[in-house]
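The structure under discussion appears below in the form of structure tokens.
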Amino acid sequence: MNFSLPYLPLREAKPRKSGLTMMMDKGLSLREVENFCDAASDFTDIVKFGFGTAFVTNNLKEKINIYRQANIRTYFGGTLFELFIIRGMFDEFRKLVDSFGLEMVEISDGSMNIPHKEKLEYIRTLSQQHIVVSEVGYKVSGVMIPTEKWVEMMQTELEAGAWKVIAEARESGNVGIYNSDGSANAELVCDIIQTIDKDSVLWEAPNKSQQAYFIKLLGANVSLGNIAPHEVVSLETLRLGLRGDTFFDFLPEELLSKKLK
Amino acid sequence: MNFSLPYLPLREAKPRKSGLTMMMDKGLSLREVENFCDAASDFTDIVKFGFGTAFVTNNLKEKINIYRQANIRTYFGGTLFELFIIRGMFDEFRKLVDSFGLEMVEISDGSMNIPHKEKLEYIRTLSQQHIVVSEVGYKVSGVMIPTEKWVEMMQTELEAGAWKVIAEARESGNVGIYNSDGSANAELVCDIIQTIDKDSVLWEAPNKSQQAYFIKLLGANVSLGNIAPHEVVSLETLRLGLRGDTFFDFLPEELLSKKLK
Amino acid sequence: MNFSLPYLPLREAKPRKSGLTMMMDKGLSLREVENFCDAASDFTDIVKFGFGTAFVTNNLKEKINIYRQANIRTYFGGTLFELFIIRGMFDEFRKLVDSFGLEMVEISDGSMNIPHKEKLEYIRTLSQQHIVVSEVGYKVSGVMIPTEKWVEMMQTELEAGAWKVIAEARESGNVGIYNSDGSANAELVCDIIQTIDKDSVLWEAPNKSQQAYFIKLLGANVSLGNIAPHEVVSLETLRLGLRGDTFFDFLPEELLSKKLK
């Protein structure tokens, strides 16, 4: 940090157990990955190679290495898992993950129908040798999951071995836990946090208003994902109360009188 | 490609005759052009120097050279052509194109009124020594072209020597072939594809939903343009069915039962 | 410039007295700053380190140096000033500015309530040794300043020693001088320009339509700010009439007949 200020919320150093930031890489070049790490590696815990971009990304091994040297874990977006599953190629998927030396793997059913028992089985199998993140929520805007079912899926997926569950939002932030205008589905979020351990959920929150919403609701050390590369530093300022949106959120009572009415 | 998967649509290698991707460069630096080519040159056929940015772009010759070494053709956005035409400087425009050694040239009337006979004459003249792309559609949101006129303009411009016709959308994607909310003008698109050869049209489609719309309608190898530099890799995954939006579009019948309802 | 064209509005060379462009840096890496300067330093007068990003930005001194070598002045976003003020740390703020060798400083009250007399006092004090920009307008969308008050604040802040006053819009462009849909509050803008010297105001205008609005209203050499790094070159084309939006704005009467109806 370039100077010190009182009343800032505490942030863990890496490797963090809570307050994780997951960035979405949609096809950065090698040098762009270096640039990113130079500016934001302290604030980034995980990088997801978004949807199927791993198929067409140049220098993928080298990119993974640069991220690794910056202590950032990488994994393939859940859509890649589904692309293999729908083709009946689960074994090939495992081999692919291993051939790139990835510790972490995402299991999702956002684009296709996977019976939940089968999804849990994938989680059980892969969590024996990998850190599994499993995602709940569909990418299709019309298809809704009832709240009770959503919470139950998260619970059973954690029990099956998932390290964290991800609440779906896509890159656009208008499906899953969000309404079509990008605002949070407050009832769903409320039910999730009443049942699931705070540190076990990573909320996809691509837009600033969504990031601010979760920081206000769950604190500086909420885990957030699908952050664009150039928004990671900004997100860190939101977490620390260094931006207008969260300016007053971590200040002591006696300073709140200076709030704009 | 980093691995193999069945049921992916075939994509030609460069130089492509169909399925072209045109990226819009609004003023990248030299090193950013290198970064872009490193990540996306396999998926990029053409780069347009957007509107009049060629006037103020540093190191333009060097940029053109980097693109050329990556087998990417470059040309000046149609607005630059119009900036010269409205000043009665057609000859100067030709000299400018030649001084930068550009094979390709765009002729448009998106910002100003050019009698169509005159536009056809420019196409005839320039197509003798250049690859001409001609654009149909206005940049002004209130000014509409009747569908029959639109199709007729495209037809006669191709007959006059245009290699491809471009359907206007701007960088913002809310004029020309799109309604003001960014959705496609389906009737207009339908009339165009019934008359004009599929491989002769390049559709400006800056937004993901627009790209997915044309891939669903016309297949993986539709030609699309005005793609932002950091969206070219993502577009390639859309073309290949490697993203949620087109996940089921290239799969065989027997796998479609796994679609989310 | 790569070629010449008649009827372009005149632009001063740096250091400019009017027609300034202020870019917002939200955490660029060192090499991204070099890339930016390579492409856009001729068109950039000032760089603001947005909100509290200066706290978490790596290599901040080196970044300031690169900008300085490109004749670009830098300063900390007003939110950083307010973060110190609300903690009663004005002296520490001054020391911070001096420790980074910054000539320029922003004083604002966009996130917190500062009695205007006190704000004027900060301006008086800091303007003795620094170039002060002071910002008027709140970041909170519901809190409005009456037009007369807004103009009066600008006037008194200039009298107190501010070099320029900034009209607030945030990075999103939907508060302060803009309505929630991003359109300009025309009445407020009108009242400001009737009273305050044109060259004393810098308008935050993050979106293209807002930039075009002010160029049409006040000419090519209006001072604009909160421009994203990759939009600075595009903004320069808007200023010069080299993009569709301002294509006709600087042409002589006799060429206007070619306007699209």
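Label zone (C:Asn71, point 7 Å along Cα-to-C-beta; backbone nitrogen cut-off 12 Å) within segment C:13-35: C:13-17. Take each residue in C:77-89, count the other chain C-beta atoms within 10 Å of its C-beta, and the mean is 4.
Relative contact order, whole percent, for segment A:21-258 stands at 17, derived from Cα pairs under 8 Å and 6 or more residues apart.
Other residues within the sphere of radius under 9 Å centred on the Cβ of A:Val175, judged by their own Cβ, net out at +1 (K and R +1, D and E -1).
What size of dipole, in debye to the nearest 20, comes out for the protein assembly as shown about its Cα centre when the only charges are +1 on Lys and Arg C-beta atoms and -1 on Asp and Glu C-beta atoms? Dipole magnitude for the protein assembly as shown comes out near 760 debye. List the longest stretch of chain A that has no exposed loop site; here a site is one of the GluC sites (Glu not before Pro) assigned by DSSP to anything other than H, G, I, E or B, with at most 15 other Cβ within 10 Å. Formally, the longest exposed-site-free interval is A:104-261.
Helix A:186-195 and the long axis of chain A differ in direction by around 80°, with both axes built from C-alpha atoms. With Cα atoms defining each centre, segment A:216-240 and segment A:137-207 are spaced 17 Å apart in the structure. Counted over segment B:21-258, the DSSP beta bridges are approximately 5% antiparallel.
Taking only the C-alpha atoms of the protein assembly as shown, Rg followed by Dmax gives 26.8, 77 Å.
Amide H contacts under 5 Å for B:Ile166: B:Ser134, B:Glu135, B:Val136, B:Leu202, restricted to partners 5 or more places along the chain or on a different chain, H placed in the peptide plane at 1.01 Å from N. In units of the compact-protein estimate 2.2 N^0.38 Å, segment A:80-196 shows a Cα radius of gyration of 1.07.
Per-residue Karplus couplings for segment C:237-253, computed as 6.51 cos²θ - 1.76 cosθ + 1.60 with θ equal to phi - 60°, are listed in order as 5, 4, 4, 8, x, 9, 9, x, 4, 10, 3, 9, 6, 10, 8, x, 2 Hz, Gly and Pro entered as x. Report the full-extension gain for the segment A:Lys149 to A:Asn59: residue separation times 0.36 nm, less the Cα-Cα distance, to one decimal in nm. Between A:Lys149 and A:Asn59, full extension yields 28.4 nm more. Among the listed pairs A:Lys198/C:Lys139; A:Lys149/B:Lys258; B:Lys139/B:Lys164; C:Lys139/C:Lys208; C:Lys216/C:Lys258, those whose Cα-Cα separation exceeds 22 Å are A:Lys198/C:Lys139. With its label point defined 7 Å out from Cα along the Cα-to-Cβ axis, A:Lys95 lies at 6.4, 6.4 nm from the matching points of the other copies, in increasing order. Taking the Cα centre of chain A as origin and assigning +1 to Lys and Arg Cβ atoms and -1 to Asp and Glu Cβ atoms, the resulting dipole is close to 440 debye. Once the Kirkwood radius over Cα pairs is known for segment C:21-258, the Stokes-Einstein relation at 10 °C and 1.306 mPa s delivers a diffusion coefficient of 87 µm²/s. With label points set 7 Å from Cα along Cα→Cβ, the inter-copy distances at A:Pro15 are 5.2, 5.2 nm, sorted shortest first. Taking 8 Å as the Cα distance limit and 6 or more residues as the minimum spacing, I'd like the relative contact order of segment B:22-107 as a percentage. Relative contact order here is 29 percent. Using 0.36 nm per residue and subtracting the Cα-Cα separation, the extra length available between C:Glu92 and C:Asn2 on full extension is 27.7 nm. Converting phi to 3J(HN,Hα) with the Karplus coefficients 6.51, -1.76 and 1.60 and the offset θ = phi - 60°, segment C:98-103 yields 5, 5, 9, x, 8, 6 Hz in sequence order, with x at every glycine or proline.
Once the Cα-Cα distance is subtracted from the 0.36 nm per residue extended length, the A:Gln128 to A:Asp181 segment shows a gain of 15.2 nm.
The residue among B:Ala13, B:Gly52, A:Asn174 whose Cα reaches farthest toward the positive pole of the charge dipole of the protein assembly as shown, with charges on the beta-carbon of Lys, Arg, Asp and Glu, is B:Ala13. For segment B:73-136, the dipole from Cβ point charges (+1 on Lys and Arg, -1 on Asp and Glu) about the Cα centre works out to 60 debye, to the nearest 20.
Relative to the other identical copies, C:Ser209 shows label-point distances of 1.6, 1.6 nm, where the label point lies 7 Å from Cα along the Cβ direction and values run shortest first.
Rounded to the nearest 500, what is the 222 nm mean residue ellipticity of the protein assembly as shown from helices alone, with -39500 (n - 2.57) per DSSP H run of 4+ residues and division by all residues?
Mean residue ellipticity at 222 nm (helix-derived): -10500 deg cm²/dmol.
Taking other Cβ atoms within 10 Å as a rough exposure proxy, B:Thr57, A:Thr125 sort from fewest to most as A:Thr125, B:Thr57.
Here the chain B residue lying nearest the rotation axis onto A, judged by its C-beta and given with the distance in whole angstrom, is B:Arg31, 4. Projecting the Cα positions of B:Tyr67, B:Leu28, B:Ile193 onto the charge dipole of segment B:21-258 (unit charges on Cβ atoms of Lys, Arg, Asp and Glu, taken about the Cα centre) puts B:Leu28 furthest along the positive direction.
A convex hull fitted to the Cα coordinates of segment B:65-114 yields 70 cubic angstrom per residue.
Counting only alpha carbon atoms, the long axis of helix B:147-159 and the longest principal axis of chain B meet at about 70°.
For segment B:132-261, the share of DSSP beta bridges that are antiparallel, to the nearest 5, is 10%. In terms of Cα to Cα distance under 19 Å, which lysines are near enough to A:Lys61, apart from those fewer than 8 places away along the same chain? Reachable lysines: A:Lys26, A:Lys48, A:Lys95.
Round to the nearest 10 and give me the degree value, 0 to 90, for the angle of helix B:208-218's Cα axis relative to the longest principal axis of chain B. Helix B:208-218 and the main axis of chain B meet at about 80 degrees. Within the protein assembly as shown, DSSP assigns beta bridges of which about 10% are antiparallel (rounded to the nearest 5).
Values quoted throughout were computed directly from the atomic coordinates according to the rules given, and no laboratory measurement underlies them. On a predicted model such as this, the values are computed, not experimentally measured, just so you know. Because the Cβ atoms are built from the backbone with ideal geometry, glycine has one as well, and the counts that use them run over all protein chains shown.
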